[in-house]
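Working notes, structure below.
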Amino acid sequence: MVPLKRLFTSTLGRKYLMGATGFALVLFIVLHLLGNLTLYSHNGDAINAYAAKLDMLGVGKIILEIGLVITILIHIVTAIQVTFTSKNARPIPYESLKSKGGPTKSTLGSRNMIITGLVLMVFLIVHIVQFRFGPEIEDGYTATVNGVMVHDLYRVVAETFMQLKWVVFYVGCMCFLGVHFRHGFWSMFQSLGMINPRWSKPIYALGFILAVLLSVGFLFIPIYIYATQGGAA
Ligand code: HEM
C-alpha cells in the first residue's frame, strides 16, 4: 500500500490514483449509457422520468456530481503527470520500440492516450454545458410525466441532435472514447497492480468488447434522434 501523502507525490501513488479514478469513471460511463438507453424510446417520457428520479435525490445528487468532477480532475491531472514523468525517464520513445514477438500492449491507442484523453476533456466541457447546464424548467422546457410537471431534458437533447454538426461532433468524440477506453481499461488493471500474465489477454479482450459496446451504444443515440426526429443540416 502507498501511504496517503505519497499517493499524490510519487509516480507509483499517482498510478494508483489514475487507476482508481479510471475504475470509478468506467462505472459512471456504464451507468450513464444504461440511463441514456431511455433516449432510444419513442418519446421523451422515459428519459424525463429517469432524470426526475435522479433530481429527487436532491443534495445527494449534488454531492455525487461534485465527487464525479473531483474524480475526473484527479484522473486528468495524474494522467498528465504520469505521462510526462515516464516520457522524461524514457530516452527512446515508444514509437521506435519494436515488439519482440510477445504480447505487446503498445498500440496506436496506448501511445495516444494523452491526446484521446484531452479530446474527451474538451468533449466533456461542451457536453456538460449543453446538457447539464442547458435550458431549464424556467426557460419553458417542461413536460408532464404521470401527471407531474418535470424538466423536459429530452427536448434539450433532441434539439441538439437535430443539428447535423452536433451529430458529427458526438459521433467523432465517441470514437475517441472507444480508443481511449480500450487501452485505458487494460492499463487500469496494470496501474492497480492487478495484472498477472494469465489474465493479461482476457482483460485486454474484455476492454476491447466493452469499448466497442460503449462507443457504439453512445454514438447511435445522436444518429437515431437525428433520423427519427427529422434533423436538419
Ligand atoms: C450520445 C452520448 C451521450 C448522451 C446523449 C448523454 C446525455 C447526457 C445528459 C442528458 C446529461 C444531463 C443529465 C442531467 O442533467 O440530469 C448528461 C450529463 C453528463 N454526461 Fe453525458 N451523454 C452522452 C455521453 C457521455 C459520455 C461519453 C460521457 C463521459 C465520457 C458523459 C459524461 C457526462 C457527465 C460527466 C455529465 C454530468 C453528470 C451530472 O452532473 O449529472 N456523457 N449526459
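A few notes on this one:
- Count of region 195-209 residues, restricted to those that are under 11 Å from His183 (Cα atoms) and either within 16 Å of the ligand (Cβ to nearest atom) or surrounded by fewer than 12 Cβ atoms within 10 Å (Cβ to Cβ) (or both), is 2.
- Filtered residue count, region 123-144, keeping only those that are loosely packed, with under 13 Cβ neighbours inside 10 Å and more than 11 Å from the ligand (Cβ to nearest atom): 5
- Residue within region 160-182 that is surrounded by 12 or more Cβ atoms within 10 Å (Cβ to Cβ), at pLDDT 95 or above and not in a helix (DSSP H, G or I) present: yes
- Output for region 1-46, where each listed residue is part of a helix (DSSP H, G or I), under 28 Å from Thr144 (Cα atoms) and among the small types (Gly, Ala, Ser): Gly35, Ala46
- Residue within region 164-171 that is more than 21 Å from Leu120 (Cα to Cα) and within 14 Å of the ligand (Cβ to nearest atom) present: no
- Subset of region 125-146 [part of a loop (DSSP other than H, G, I, E, B) and at pLDDT below 95]: Asn146
- Residue among Gly19, Gly67, Gly60, Gly13 that alone is away from the ligand (no atom under 13 Å from the Cβ) and without any contact (Cβ under 8 Å) to a residue 24 or more places away in the chain: Gly13
The values are calculated or read from the model by the stated rules, or taken from the named source; none is laboratory data. Just so it is clear, the model here is predicted, and its values are computed rather than measured. Note: ideal-geometry Cβ built from the backbone for every residue, glycine included; neighbour counts use all protein chains shown.
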